[in-house]
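A short reminder: the numbers here are calculations on the coordinates, not readings from a lab. Everything numeric here is computed off the predicted structure, so don't read it as measured data. Positions of Cβ are backbone-derived with ideal geometry, glycine not excepted, and every protein chain shown enters the neighbour counts.
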Amino acid sequence: MRKFICSALKLSVISIVAFILLSACQSENKTERTSENSATVPVSEAPVVENILIKNKKENESCELVLGNEISFEWKGNLYTSKLKGEKRKYYDSDNAQLAEVKIGDDGFKVRGPGGNLLWKIKISSTKIKISDNEENENPYEIKLGEGDKVKMKRNETEIGNARIRQGEGKIEVSSGNLVFDVQNTSHPQVYNVLLIEEMPDLVKFIVIGELLKWE
C-alpha cells in the first residue's frame, strides 16, 4: 500500500512538472510569434510639417505657410489649401473654389489661373531661377543660386532687391527700397526674393514660394 502511494505521488509530481514545462514552452513560443509579427508590421511615419511665418513689415500683415504632404497657407484670416494630382497641384480658397493650378515639369513649373491661362512661369537650373509672366520666359526676374547668406534678384541686370539671412535673429530679411519682409526661417533665402515682385499678387507669391521650397 505504501509503495502504491509513493508511486502515485511520483506520477503526480512528474505530471505537474511536465505541465509547467509545457506551459512555459507554449508561452515562449507565443512571445516569439508576437515579436516576429510585431517586427514585420511596418510603422507609418508622420509627415514632416514645417510652418513658416512671413511678415510684411510695411503693411504689418503676416502669412503662415505650412509645408507637409501638401502646401497650405493662411492669409488675412482665410485658409488656402492644395491637392496634388499627378503632375498638377490645384489650389483652393476657403470656399473650396479653385484659385490656381501648378503644372510641375522637369525644369520648373507653371502657375495657371482657374481657366488655364498662364500667370507665371518658373524655370529652375543648377545656377539660377528665372521667373516670368510669359511662355517664352522673356524679360525674367533672375535669382542666382549659391551666393551665400545674401541672395540678389535682378531683372535686365538691374538689382531689384535681396534676401539676407540674419542668423543671430533666426530670420531672413527680404528688402527692396521701402519693401521689407521678415521670414521666420534661415534656409533657402533665394526663394523669398519672390516677395519683391510687385506685379505678382500676394496669393500667387505664396504659391510660388511654397512650390520652390518643395522643389528644394
Original post:
Roughly how many whole Å is it from the C-alpha centroid of the stretch 79-136 to that of the stretch 180-216?
Top reply: 14 Å
**OP:** Can you tell me the dipole magnitude for the stretch 54-215 around its Cα centre, using point charges on the Cβ only (Lys, Arg +1; Asp, Glu -1), in Debye to the nearest 20?
**Re:** 280 debye
Subject >> Shape category assigned to the stretch 158-216 from the gyration tensor of Cα positions, a/c cut at 1.5 >> reply: oblate
Subject >> Residues listed by number, the stretch 103-118, amide nitrogen under 17 Å from residue 88 label point at 7 Å toward C-beta >> reply: 103-106, 109-118
Original post:
Around residue 70, with a cut-off of 9 angstrom between Cβ atoms, what is the net charge of the other residues, counting Lys and Arg +1 and Asp and Glu -1?
Top reply: +2
Subject >> Pairwise label distance in nanometres, residue 69 with residue 136, each label 7 Å out on the Cα-Cβ vector >> reply: 4.3 nm
**OP:** Would you mind getting me the FRET efficiency between residue 106 and residue 216? Use the beta-carbon distance for r and R0 = 22 Å, nearest 0.05.
**Re:** 0.90
Original post:
Along the stretch 86-97, what does the Karplus equation 6.51 cos²θ - 1.76 cosθ + 1.60 (θ = phi - 60°) give for ³J(HN,Hα), rounded to whole Hz, x for Gly and Pro?
Top reply: x, 9, 10, 10, 9, 10, 10, 8, 5, 9, 6, 8
Subject >> Long pairs among 57/130; 103/128; 58/85; 55/150; 88/144, criterion Cα-Cα beyond 30 Å >> reply: 58/85
Original post:
With Rg and the Kirkwood Rh both taken from Cα atoms, where does Rg over Rh land for the stretch 93-153?
Top reply: 1.07
Original post:
With all pairs of different alpha carbon atoms counted, what Kirkwood hydrodynamic radius in Å does the stretch 54-215 show?
Top reply: 16.0 Å
Original post:
Taking only C-alpha pairs under 8 Å that are 6+ residues apart, what is the relative contact order of the stretch 54-215 in percent?
Top reply: 14 percent
